[in-house]
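Report on the structure given below.
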Amino acid sequence: MRIRRIGILGFISLSGLAGTLAACNNVPPAYDLLIRGGSIVDGSGTPAYEGDIAIIDNEIVKIGDLNGADATRVIDATGLTVTPGFIDLHSHADRNIRDNPGIENFLRQGVTTVLAGNCGTSPVDFNDYFQSIDDTGIALNLGLLIGHNAVRREVMGNVNRAPSIEEQTQMESLVKAAMDAGAFGLSTGLIYVPGTYSETEEVVSLARVAAKEGGIYASHIRNEFELIIEAIEEAIAIGRTANLPVHISHFKVADNTMWGDSTITLGLVAAARAEGLDVSIDQYPYTAGSTGLANVFPTWARAGSREDMQARLDDPETRARIKADTIEKLYGARAAGDLSRISLVSFSTHPEYAGKTMAEVTVMNGREPTIENGAEVAMEILYEGEGAAIYFMMVEEDVRRIMQAPFTSIASDGSAVAYEEDLPHLRNYGTFPRVLRKYVREEGVLSLEQAIHKMTALPASYIKFENRGLLAEGMIADINVFDQDTVTDHDDWSNPHQYASGFSYVIVGGTAVIDEGTRTGQFPGRALKRNSP
C-alpha cells in the first residue's frame, strides 16, 4: 500500500505536471484527500468500476479518472475495494456509546453511521442526550428512534394494563418532543416489558405522531416464534393505519417448528409492498440471537418491579404457573428442548456463569440438565439478579433466504461493547465483515455489489438519508477502503472480543478513524437528526 502526503511547499506530486507546477508556485492542492485507483462499489448495486475519489472537507467533490490531480493526502487504493461507509439500521449503541465513544468494534467493521433507540428502548429526553453526545464526542454518526417501551415506562412504569386517556396523551407528547428534537421515528419492542402489555391501538396512536413529522415505525415485533405471522401482520397494519413506513427489525424465523418457513414470512412483506405499502426489514447474519435471560419467563410474570416478580416466585401456586410457562418456552423456540442452545453472556450476581450454557449452569446448581430442571434453575438465579444470554434458535436456510430478499438490509443489533468485558454476541464485532467473508466470498449467496447495497444505499433510503449511502459527487465522505480477498470476522463464540480485519481505511466525514488499519483517535462523528445534513 502506497500513501503519499503532499505538502503545500515540500513534496512534488508524482501524478503529473499539474501537481509539479502547483508545488513550485506555492498553490494549495486542489483536494484535501484523493483516493486513487480503487475498485469503486458505489452502493447503488451497479457493477464495480475503477476510479479515483476526491474529497474537500467532508464532501465528495469529484469521482472519475483524476490522473494529474493533486491533494494534501493521497491514498493508493490499487487492488482494494472502495465503498460508502456502512449504515447500521439496528443498533443499541445509545445504551453505552457515552462510555465507549470510540466504538472501535464497529469502526473496524466499516460502520460509519448507526441508527439507535431500537426495540422500544431509548433515551426519553433527546435534547439532553444529544447535548451529552456533543460534549463527549463520538467516532461515528448516531441517529435515534424514540422507544415506545421507554416512553411507556416513563409515564406508566411496568404495569400490565392499558393507559388512561391522560397517560396516552402524555406518551404522545413525549413522542412529539422527541420527533421535534430530531428522532427518525418510533420504535417498539412488543416482546419486551412494558411494551408487551400494550394493545395495537396504543401503538397506532403513537405511530401517528411520528408519521406527522415524517418518521418511520421500526418494530421488534410482538412474537418471533409460533405467532410470528400474526406479529408481522400487526406491524404492517400499524403502518397502514398510521400512514408511515414500517421497518421490521432483525427479521428471522426462530421457532423450531417453523424452520424453513421464511418463504411465508417474506411473502407477507412482499405482499404488503405489492399493495403499495413501504415495508422493509433488516437482518443480522447469524443463527443465534441475544437478549435477557428473563425472556424465558412469561411476560405476565415480569410486570411491575423486581420485588413484584420475586413475590410471584415466592407464592407456590404462582411459581408453579411460571415454571410451567417457562418449561413450555424451553421446549419451544427459546431452546428447542436442548439447554445447550442457551449460552449466558453475563450475569450480575454470578459472573462465573458467563460463557456457560444453561445446561452447564443447571449442572453447576446440582441438577441434571433436563428442561424441567433448567426451568427451576432459571427461576432461582433470576430471583437473585439479571442476566443476558445467547439463544441458538435459527437455521442457515432461513438466514440465506432472508438475506437475498431485495428489501433486506444488513444490521447488527449490537452496541458499543467494552473490549474484553463479558462474552457478547459475535455480531458486536463481526456482522458486516461476516457477510463479506461468508456470504459473498465463500458461499456466493450475494454478489459484492448486492451486499454493499444492503449495507449502504438501501438502509440510507429507509431513513431518508439524501447525502449518505452512495459514493457520488455531493455526498458526505463516509468511505471504506478494504481488501475483499482478506476481510474477515472472527467466528469464535468462546472469544468474541476480536476486531474484524481487512479494513485499511474507514473515513467519517472526510476524517480517517481507521488509517492503515490503525485507530487514529479522531472523533469526527456527530448526532444526526431527522431532516438535517
Kindly indicate whether ARG161 is surrounded by fewer than 18 Cβ atoms within 10 Å (Cβ to Cβ), basic (Lys, Arg) and either more than 27 Å from GLN131 (Cβ to Cβ) or at pLDDT below 95 (or both). yes
Go through the range 83-168 and tell me which helices (runs of 4 or more DSSP H), entirely inside it, have 1 or more residues that are small (Gly, Ala, Ser) and in contact (Cβ under 8 Å) with a residue 12 or more places away in the chain. 126-136, 148-156
For the range 272-295, the count of residues that are in contact with an Asp or Glu (Cβ under 8 Å, 6 or more places away or on another chain), buried (at least 23 other Cβ atoms within 10 Å of the Cβ) and not in a loop (DSSP other than H, G, I, E, B) equals 1
Quick check on this structure: which one of SER173, SER91 is modelled with pLDDT of 95 or more, among the hydroxyl-bearing types (Ser, Thr, Tyr) and either buried (at least 24 other Cβ atoms within 10 Å of the Cβ) or on the phi > 0 side of the Ramachandran plot (or both)? SER91
Can you pull out the residues in the range 254-271 that are touching a strand residue (DSSP E or B) at 6+ places or on another chain (Cβ under 9 Å) and part of a loop (DSSP other than H, G, I, E, B)? ALA254
For residues that are among the polar types (S, T, N, Q) and within 14 Å of VAL269 (Cβ to Cβ), tally how many sit in the range 213-245. 1
List, please: which pairs have Cβ atoms under 6 Å, are six or more places apart or on different chains, and start with a residue in the range 486-504 that is without any contact (Cβ under 8 Å) to a residue 60 or more places away in the chain and end with one that is charged (D, E, K, R) and buried (at least 18 other Cβ atoms within 10 Å of the Cβ)? THR488/ARG437
Neighbours by Cβ (under 7 Å, 6+ apart or cross-chain): first from the range 429-452, within 25 Å of GLY102 (Cα to Cα); second assigned to a helix (DSSP H, G or I): TYR429/ASN105; PHE432/MET455; VAL435/ALA451; LEU436/ALA451
Expected single match for crowded, with 18+ Cβ neighbours inside 10 Å, within 21 Å of the chain's Cα centre (by Cα) and aliphatic (A, V, I, L, M) among ALA211, ALA235 is ALA235
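Conditions tested, residue by residue: (1) hydroxyl-bearing (Ser, Thr, Tyr); (2) over 30 Å from ALA418 (Cα atoms); (3) surrounded by fewer than 18 Cβ atoms within 10 Å (Cβ to Cβ).
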{"residue": "GLU50", "(1), (2), (3)": "no, yes, yes"}
{"residue": "VAL61", "(1), (2), (3)": "no, yes, yes"}
{"residue": "ALA69", "(1), (2), (3)": "no, yes, no"}
{"residue": "ASN96", "(1), (2), (3)": "no, no, yes"}
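The values are calculated or read from the model by the stated rules, or taken from the named source; none is laboratory data. Predicted model, so just to flag it, every value in this text is computed and none were measured. Using ideal geometry, Cβ is built from the backbone for each residue, glycine included, and neighbour counts are taken over all protein chains shown.
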